[in-house]
Amino acid sequence: MNKTWWKESVVYQVYPRSFNDSNGDGIGDLQGMIEKLDYLKDLGIDVIWLSPVYQSPNDDNGYDISDYKSIMDEFGTMSDWEQLIDEVHRRDMKLIMDLVVNHSSDEHRWFQESKKSKDNPYRNYYYWRPGKDGKEPNNWESIFSGSAWQYDEKTDEYYLHLFSKKQPDLNWENEEVRKEIYKMMTFWLEKGVDGFRMDVINLISKTEGLPDAPLQEGKEYASGGEFYMNGPRIHEFLQEMNREVLSKYDIMTVGETPGATIDDAILYTGEERNEVNMVFQFEHMDLDSGPSGKWELKPLLLTDLKKSLSKWQTGLDGKGWNSLYVNNHDQPRIVSRFGNDKEYRVESAKMLATMLHMMQGTPYIYQGEEIGMTNVRFDSIDQYKDIETINMYHEKVEQRNEDIQSVMNSIYVKGRDNARTPIQWDDSKNAGFTTGDPWIQVNPNYKEINVKQAISDPNSVYHYYQKLIKLRKTHDIIVYGSYELLLEDDERIYAYTRSLEDKKLLVILNFTDEEVLFEKPEEMIYDTKQLLISNYMVDEGESLARILLKPYEARVYKLY
Ligand code: NOJ
């Protein structure tokens, strides 16, 4: 396996709107980020992934871009951005930018032109189609609820939007669109960015003819995902992008790829294939959802989680590269989701971090994860800001008359705003995020959970992350070792090993709030054992044969 810097890096995601506000308007900004770069450096991270900071009407918080080459006013100016990248590089870190090119904003100049007439030169930059039998051109459903088509009176046609109606899909079949996007990517690379996180990049190739999808009984729309996820020309497009742009720079790329299987991921990330370095796959994030999707809550079975993560660990070993994540701006907080955010918040946050950071792949930390931030429960839907959550609520409560409490409950468990409340820097007003009114309310638990507290407490989640990151830098085996699952059928313990040459790591994790007995497989033999990290005090002399694990206990041993 080739060794590269992006395999050995730890990435930290900044969602700028909620990170740090420097000018008191209640919205995080670039100067606010610059103020906190030393904090990120101290944590030990190598790369910052910055969620979109481009000009945007913010229908989807920047994932709807109206000008790819300028900075959103609320976040600052291009010169603030230039200062940011200089300051990042000066601290020997890297900056990757979000690339959102499955769709633009409907306020983008291209779309404004394309709306004007059927023969406008930009018409074919998007998917415009006439209606069918007085209805939408096909029966696909938007990922943000309702039809994926929006009617436009001016030309009496519909346009496709897989996300909100203010996010029209760009037509990648059109070579001019691709060329414009490659030019724009080159613009940012020439300005010094170190790579891209590519938003839903595996949705850019749609099946010719945009066929109707099979409709389930009683449903108005069908997902249609089979006609645009990992579509027919996706690898051709990515290889072209790689040839025209990516291959010319020493950068890192990560494609967000919902619905990608291991076989797909090998095609996207195989080193000989020249597409992207790694993908964000979703399988482990879907295990606590029912068949109708994320809002249908289902308890997580530990054996499912182990099976899924193990399959990806072994499936990509030597054939592609994993990205390791359990949090981002679209996912609820992991300590609330797979851990215990009450009595064992600190222990379970550390245990979950251990699970992830000891695996093969490039780890991603989402802002606030490193201090164990939790989900939030707002009383009313009016306090929520996320378009996905709001659309779903209206559809279920107003159109389908579903029970408000159960809809709110699914929002408490899965809503994206769980991850988007402001970073809790200290215990002062608004958690030190802003001196103004925050654009979304601060989680009321900021008095206990905040960065200032975490830095001053040697046993905090923060110091544990710092240590995990350091370990990855000092032990090759954590980056490159091969993975093997132990105790496959155990519903309480997740244990696995990593192996490189004559060394082994043993990772033992208790996923419950009870004491559980771990018994080392007899065939595992070694001369020396060294405890690398643990979330409780451990007697180093203790035998590994039988360990009574404490609630959410995590231990990592190096054996040789
Ligand atoms: C995935 C992004 O992570 C999410 O936040 C966004 O809403 C959609 N793509 C659409 O851009």
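The values are calculated or read from the model by the stated rules, or taken from the named source; none is laboratory data. Since the model is a prediction, treat every value here as computed from it, not as a measurement. Counting neighbours? That spans all protein chains shown, and the Cβs are built from the backbone with ideal geometry, glycine included. Ligands, DNA and RNA are excluded from the accessible area calculation, which covers all protein heavy atoms including side chains. Shrake-Rupley method; radii C 1.70, N 1.55, O 1.52, S 1.80 Å.
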Please specify each residue of the stretch 239-264 satisfying the condition of being over 17 Å from PRO363 (Cα atoms) and of a type in the set (A, V, I, L, M).
MET241, VAL245, LEU246, ALA260, ILE262
Would you mind stating whether ARG498 is buried (at least 22 other Cβ atoms within 10 Å of the Cβ), more than 29 Å from LYS294 (Cβ to Cβ) and either in contact with a strand residue (DSSP E or B) (Cβ under 8 Å, 6 or more places away or on another chain) or not hydroxyl-bearing (Ser, Thr, Tyr) (or both)?
yes
Test result for GLU515, more than 19 Å from ALA349 (Cα to Cα), surrounded by fewer than 13 Cβ atoms within 10 Å (Cβ to Cβ) and not assigned by TED's automatic domain parsing to the domain that holds LEU356:
no
For the stretch 415-433, the count of residues that are of a type in the set (Ser, Thr, Tyr) and within 16 Å of the ligand (Cβ to nearest atom) equals 1
Output the residues belonging to the stretch 190-200 that are more than 18 Å from GLU256 (Cα to Cα) and buried (at least 18 other Cβ atoms within 10 Å of the Cβ).
VAL193
Whether any residue in the stretch 112-128 is closer than 30 Å to ARG400 by Cα and part of a strand (DSSP E or B) is what I want to check.
yes
Candidate set: the stretch 59-116, residues that are small (Gly, Ala, Ser) and within 14 Å of the ligand (Cβ to nearest atom); chosen: the one most open to solvent (accessible area, probe 1.4 Å):
SER66
Identify the single condition in (1) more than 17 Å from the chain's Cα centre (by Cα); (2) assigned to a loop (DSSP other than H, G, I, E, B); (3) crowded, with 22+ Cβ neighbours inside 10 Å that TRP5 does not satisfy, given that it satisfies every other one.
(3)
VAL193 at pLDDT 95 or above and part of a loop (DSSP other than H, G, I, E, B):
yes
Residues that are within 27 Å of LYS294 (Cα to Cα) and surrounded by fewer than 16 Cβ atoms within 10 Å (Cβ to Cβ), drawn from the stretch 240-261
THR261
Would you point out the residue of the stretch 518-538, among those that are more than 25 Å from GLY339 (Cβ to Cβ) and assigned to a loop (DSSP other than H, G, I, E, B), that is most open to solvent (accessible area, probe 1.4 Å)?
GLU522
So, in the stretch 18-35, exactly how many residues are free of Cβ contacts under 8 Å to residues at least 24 places away in the same chain and within 24 Å of PHE196 (Cβ to Cβ)?
1
For the stretch 54-65, does any single residue satisfy the condition of being without any contact (Cβ under 8 Å) to a residue 40 or more places away in the chain and touching a helix residue (DSSP H, G or I) at 6+ places or on another chain (Cβ under 7 Å)?
no
Looking at the stretch 296-333 only, could you name the residues that are within 16 Å of the ligand (Cβ to nearest atom) and either out of contact with any Phe, Trp or Tyr (no Cβ under 6 Å at 6 or more places or on another chain) or of a type in the set (Lys, Arg) (or both)?
VAL326, ASP330, GLN331, PRO332, ARG333
I'm trying to understand the selection: among the residues of the stretch 119-142, which are over 14 Å from ALA213 (Cβ atoms), touching a residue at least 60 places away in the same chain (Cβ under 8 Å) and open to solvent by 50 Å² or more (accessible area, probe 1.4 Å)?
ARG129
I'd like to check something: does the stretch 403-414 contain any residue that is outside any helix (DSSP H, G or I), in contact (Cβ under 8 Å) with a residue 60 or more places away in the chain and within 16 Å of the ligand (Cβ to nearest atom)?
no
Is there a residue being closer than 20 Å to TYR221 by Cα, over 28 Å from the mean Cα position of the chain (by Cα) and of a type outside the set (Val, Ile, Thr) anywhere in the stretch 102-117?
no
